[in-house]
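The values are calculated or read from the model by the stated rules, or taken from the named source; none is laboratory data. In this text the structure is predicted, and so the values were computed from the model without any measurement. Every residue, glycine among them, receives a Cβ derived from its backbone with ideal geometry; neighbour counts consider all protein chains shown. Areas reflect the complete protein model, heavy atoms only, side chains present, ligands, DNA and RNA absent. Shrake-Rupley method; radii C 1.70, N 1.55, O 1.52, S 1.80 Å.
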Amino acid sequence: MKYVCTVEINLPKNEAAALWANEAYFSEWQDGFTSIELLEGQASAEGAKSRILFHDGKNEMELVETIIHSKLSDEKKAFYEHVHMDNTQTTRFEAIDENRTRIVSEVEYTQFKKFVPKVMAFLMPGVIKGHSQKWLDQFKVFAESKT
């Protein structure tokens, strides 16, 4: 399953990318974000692995992120492992002009490991894409409020 989400932000590309990459702000725009812990490598560098925790009511979700490619303020590509599914995400920052940036997030789910996620991906792919778009929209509100 593949999809693309986009958002335009009224900030210069370098500023938008810096805010997006700053772990101190993740909880400001990612619902349920609890923590990120570097497991190996150098933070944000290619090959780095981190454990990311989210909390949603009674449920806790753990992801392991492996950075495949990182050249901010242009692009970051990472692989995410979860007990139910794996995916890659490539996030690009494109200057529209000197004060506006388009963020493009390309997501590809490479494996669904359980029955329910497989059914959701087949029957309700919009729900999964909607979650990604929601975070981009929330990032826009957050980033533009920082100016």
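Annotations for the structure displayed:
- Cubic angstrom per residue, convex hull over Cα atoms of the chain: 105
- Of the DSSP H helices in the chain, those whose Cα atoms cover at least 18 Å axially and whose Kyte score averages -1.0 or more: 125-145
- Taking amide H as placed 1.01 Å from N in the peptide plane, the amide H of Thr110 sits under 5 Å from that of Asp86, Asn87, Thr88, each at least 5 places away or on another chain.
- For the range 71-141: relative contact order, % (alpha-carbon pairs under 8 angstrom, 6 or more apart): 23
- Qualifying trypsin sites (Lys or Arg not before Pro) for the range 1-97 [loop in DSSP, other Cβ within 10 Å: at most 13]: Lys58
- Near Val7, the amide H atoms lying under 5 Å from its own belong to Ile103; only residues 5 or more places off or on other chains count, and H is placed 1.01 Å from N.
- Whole-number D in µm²/s for the range 85-124 (Stokes-Einstein; Kirkwood sum over Cα pairs; 10 °C, 1.306 mPa s): 130
- Charge dipole of the range 27-69 (Cα centre as origin; +1 on each Lys and Arg Cβ, -1 on each Asp and Glu Cβ, all else neutral): 80 debye, rounded to the nearest 20.
- Over every Cα atom in the range 1-87, the radius of gyration and the widest Cα-Cα span, Dmax, amount to 13.7, 38 Å.
- Carbon and sulfur %, accessible surface of the range 1-86 computed with the full protein complex present, 1.4 Å: 46
- From the alpha carbon centroid of the range 101-137 to that of the range 1-53 is 17 Å.
- Mean residue ellipticity at 222 nm, helices only, the chain: -9000 deg cm²/dmol; runs of at least 4 DSSP H residues each add -39,500 (n - 2.57), and the sum is divided by the number of residues.
- Listed residues Ile68, Ser145, Pro12: farthest to the positive end of the dipole of the chain (Cβ charges): Ile68
- Chymotrypsin sites (Phe, Trp or Tyr not before Pro) within the range 7-92, DSSP loop, no more than 12 other Cβ atoms inside 10 Å: none
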